[in-house]
Amino acid sequence: MSETLHIEPPGEPLPGRGRSWVVWMGAATILIALVVVMWPGSPHPGPRIREAHLPFGFAEQAYAPNLLIENLMPSRAENFLNQEVTIFNGRITNAGGTPVSNVEITMEFSDEMNQIILRESRVLFAAQTVPLAAGERRDFEISFEHIPPSWNIQKPAVYISGILLTSRKE
């Protein structure tokens with residue numbers, strides 16, 4: 001019997017032993033990462049909802065009755081992705097004596113059983129907007145892309161949930 005010794009040159013893989021182990025290790029790493037991210041109770045990555053709210057301490061709460069939300073009217077439109085968007089146009093009046101840099105309102109949407117199905121807070125003015133002077137009225141617009149289908153199509157409850165008071169008078 002004659003035995004043949006076969007010597008492979010360096011750098012060439014053995015027949016049937018390619019770099020498939022690298023692919024398998026990469027797939028296993030991705031699978032483990034997906035399990036960690038999707039595990040129930042783990043924080044999900046994605047768009048962050050604005051968590052910082054405007055101040056609403058004693059001074060702001062005392063001033064809130066001076067801010068009147070009026071003429072809140074809903075309408076529907078389509079965004080550039082052909083999704084239906086619900087838009088609320090309204091007017092805020094500063095009936096007090098202090099200018100206000102910004103106002104945060106909270107809107108609560110209810111279902112047919114008057115249970116709250118959506119509660120969202122939004123600021124009314126852009127960051128660099130001129131403060132709302134004493135006695136001034138200003139129109140605003142808030143849009144919602146995802147109101148649950150169980151919404152009873154009634155006017156949502158709206159209340160002031162934050163105020164940024166201005167020290168300077170206009």
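The values are calculated or read from the model by the stated rules, or taken from the named source; none is laboratory data. From a predicted model like this one, the values you see are computed outputs, not experimental measurements. Here the Cβ is made from the backbone with ideal geometry for all residues, glycine too, and neighbour counts use every protein chain on show.
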Check: When the range 59-87 is examined, which residues are found to be over 30 Å from A134 (Cβ atoms) and not small (G, A, S)?
Finding: R76, E78, N79, F80, L81, N82, Q83, E84, V85, T86
Next item on the list: May I ask you to say which residue of I163, I147, I116, I142 is farther than 19 Å from A77 by Cα and either hydroxyl-bearing (S, T, Y) or within 19 Å of the chain's Cα centre (by Cα) (or both)?
Entry: I116
Check: Residues in the range 152-169: is at least one over 18 Å from L54 (Cβ atoms) and without any contact (Cβ under 8 Å) to a residue 12 or more places away in the chain?
Finding: yes
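Tell me whether the range 113-125 contains one or more residues that are assigned to a loop (DSSP other than H, G, I, E, B) and of a type in the set (D, E).
No, every residue in the range 113-125 fails to be assigned to a loop (DSSP other than H, G, I, E, B) and of a type in the set (D, E).
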Next item on the list: Mind listing whichever residues of the range 60-112 are hydrophobic (A, V, I, L, M, F, W, C), modelled with pLDDT of 95 or more and not in a strand (DSSP E or B)?
Entry: A62, A64, A95
Item checked: Failed condition for G135, given (1) closer than 22 Å to H53 by Cα; (2) touching a residue at least 12 places away in the same chain (Cβ under 8 Å); (3) not aromatic (F, W, Y) -> (1)
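Which one of I117, I163, I92 is surrounded by 13 or more Cβ atoms within 10 Å (Cβ to Cβ), among the aliphatic types (A, V, I, L, M) and touching a Ser or Thr at 6+ places or on another chain (Cβ under 7 Å)?
Values: I163 fails: touching a Ser or Thr at 6+ places or on another chain (Cβ under 7 Å); I92 fails: touching a Ser or Thr at 6+ places or on another chain (Cβ under 7 Å).
After applying the criteria, what remains is I117.
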Next item on the list: Just give me the residues in the range 134-160 being crowded, with 17+ Cβ neighbours inside 10 Å, assigned to a loop (DSSP other than H, G, I, E, B) and either hydrophobic (A, V, I, L, M, F, W, C) or touching a Leu at 6+ places or on another chain (Cβ under 7 Å) (or both), in sequence order.
Entry: I147
